Amino acid sequence: MREEIPVVAEVEENEQPVGWTSASIAVHSILQMRLPMFLRLEPAGFGPITIDFRHHAFEWGTSLDDFPDEPATVLVETEPTTHDEPPLFALPGADLDTLLWVMGLHSFQDERAFWLRPGDHYRLTRWPDLRSIDHSMDQMRMIAMLGNIALSAEQLAAAADVEVAHAQRLLNALSLMGVLESSLEARAAASVQPEPRASGHRSLFSRLREKLGL
């Protein structure tokens with residue numbers, strides 16, 4: 001059963017998201033709705049990807065090592081389900097985070113994901129499993145920074161000495177995986193945390209905060 005997906009994002013008039021961008025918007029919308037759902041994604045020239053959001057799992061006959069960077073189209077098809085309905089593939093399947101990571105990196109053409117607010121700051125809510133995702137040293141360093149301080153794309157790029165587009169792709173991917181919180185959410189959480197004990201030396205991230213004026 002094929003259905004339209006309400007996009008939880010602001011898209012510029014006459015702009016038609018294509019490729020992995022349209023697929024990422026669909027995934028983000030479903031995750032926001034928090035409803036039991038199957039999703040099928042079919043990039044041009046490849047077999048379908050089946051996602052079961054109830055189990056945070058997916059199945060695909062293609063290895064993520066052969067992930068197509070810029071498919072001409074990605075067919076998006078949803079199918080409502082129930083919490084008790086059997087899965088469409090044998091569980092546990094593949095961890096959905098591994099797919100969302102590469103999708104997020106290949107969406108939005110180096111621009112901000114539509115659901116992220118311009119100029120906002122973000123930090124990790126949980127650590128992604130770096131053993132299961134293909135990442136560079138620059139990406140690992142940026143993830144470590146986001147685990148300790150909320151940063152905008154521009155601040156993250158400056159701190160890691162990378163291009164802003166590179167930092168933005170990382171934020172897009174982590175956001176799609178659902179492991180980021182905005183600065184407003186981070187400040188609310190920090191307001192109920194105890195103050196850290198005084199230390200005789202300044203940490204790397206204390207110096208980073210001073211450098212960025214935070």
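Key figures
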item	result
Candidate set from segment 80-101 (those that are part of a loop (DSSP other than H, G, I, E, B) and small (Gly, Ala, Ser)); member that is farthest from the chain's Cα centre (by Cα)	Ala90
Sole exception among (1) closer than 13 Å to Phe58 by Cα; (2) in contact with a helix residue (DSSP H, G or I) (Cβ under 6 Å, 6 or more places away or on another chain) for Pro87, by number	(2)
Selection from segment 45-55 of residues that are touching a Gly at 6+ places or on another chain (Cβ under 9 Å) and either part of a loop (DSSP other than H, G, I, E, B) or charged (D, E, K, R) (or both)	Phe46, Gly47, Pro48, Asp52
Segment 57-75: number of residues that are buried (at least 16 other Cβ atoms within 10 Å of the Cβ) and more than 16 Å from Gly104 (Cα to Cα)	3
Cross-chain or 6+ apart pairs with Cβ under 7 Å, segment 73-91 first and more than 27 Å from Thr21 (Cβ to Cβ), then in a loop (DSSP other than H, G, I, E, B)	Thr82/Pro36; His83/Pro36
Test: residue in segment 66-79 that is outside any strand (DSSP E or B) and within 23 Å of Met33 (Cα to Cα)	no
Answer from Leu88, Leu116 - the residue that is closer than 22 Å to Leu180 by Cβ and either surrounded by 16 or more Cβ atoms within 10 Å (Cβ to Cβ) or in contact with a Phe, Trp or Tyr (Cβ under 7 Å, 6 or more places away or on another chain) (or both)	Leu116
Search result, residues across segment 24-56 that are under 21 Å from Asn172 (Cβ atoms), crowded, with 20+ Cβ neighbours inside 10 Å and of a type outside the set (A, V, I, L, M, F, W, C)	Ser24, His28, Pro43
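All of the numbers you see were taken from the coordinates with simple rules; none came from a lab. Predicted model only: the values in this text are computed from it and were never measured. So basically every Cβ, Gly included, is an ideal-geometry build from the backbone, and we count neighbours across all protein chains shown.
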